[in-house]
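Here is the structure we will look at.
Each reported figure results from applying straightforward, stated rules to the coordinates on display, with no laboratory input. These numbers come from a predicted model, not from an experiment. Cβ placement follows ideal geometry from the backbone for every residue including glycine, while neighbour counts extend to all protein chains displayed.
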């Protein structure tokens, strides 16, 4: 169960937000082997000043449309799969919503399987 948090600048349409979520989910399914229906996302818009993204860190020129994607997921995926995921998301967002690849920041947070409860107060993967 990856938990995805997407933080983006305020003012995007519901269709834009939905498309961003779709792209991330599709990339997880195709590159990280996430099962069907394993979609848990929090998409949050931020007013000016509420989303701080350096415009030039590591020599990458970012615009005011830059967004951040944080995915908490089970540990164990290879570096190759992670790289494929990053590329799939950046390319997918560019193609689907016209977002520049430079404006896509992604962070993966890996946790042990026993750190999840899907309901009923149980650790289903433990």
On a full-extension model of 0.36 nm per residue, what is the gain between residue 100 and residue 37, subtracting their alpha-carbon distance, rounded to one decimal in nm? 19.9 nm
Taking r as the C-beta separation of residue 57 and residue 30 and R0 as 25 Å, the FRET efficiency to the nearest 0.05 is 0.30
Cα centroid separation, region 13-38 to region 97-126 (Å): 12
CD proxy at 222 nm, helix term only [per DSSP H run n ≥ 4: -39500 (n - 2.57); per residue of the chain; nearest 500]: -10000 deg cm²/dmol
Rounded to the nearest 5, the percent of antiparallel DSSP beta bridges in the chain equals 30
Pairs of alpha-carbon atoms within less than 8 angstrom and 6+ residues apart define the contacts here; what relative contact order does the chain have, in percent? 32
Among 77, 17, 39, the residue with the largest mean-square fluctuation in a Gaussian network model of the chain built from Cα contacts under 10 Å is 77
Between residue 117 and residue 10, the two model label points (7 Å from Cα along the beta-carbon direction) sit apart by a distance in nm of 3.5
Would you mind calculating the gained length between residue 107 and residue 75 on full extension (0.36 nm times residue separation, minus the Cα-Cα distance), in nm to one decimal? 10.2 nm
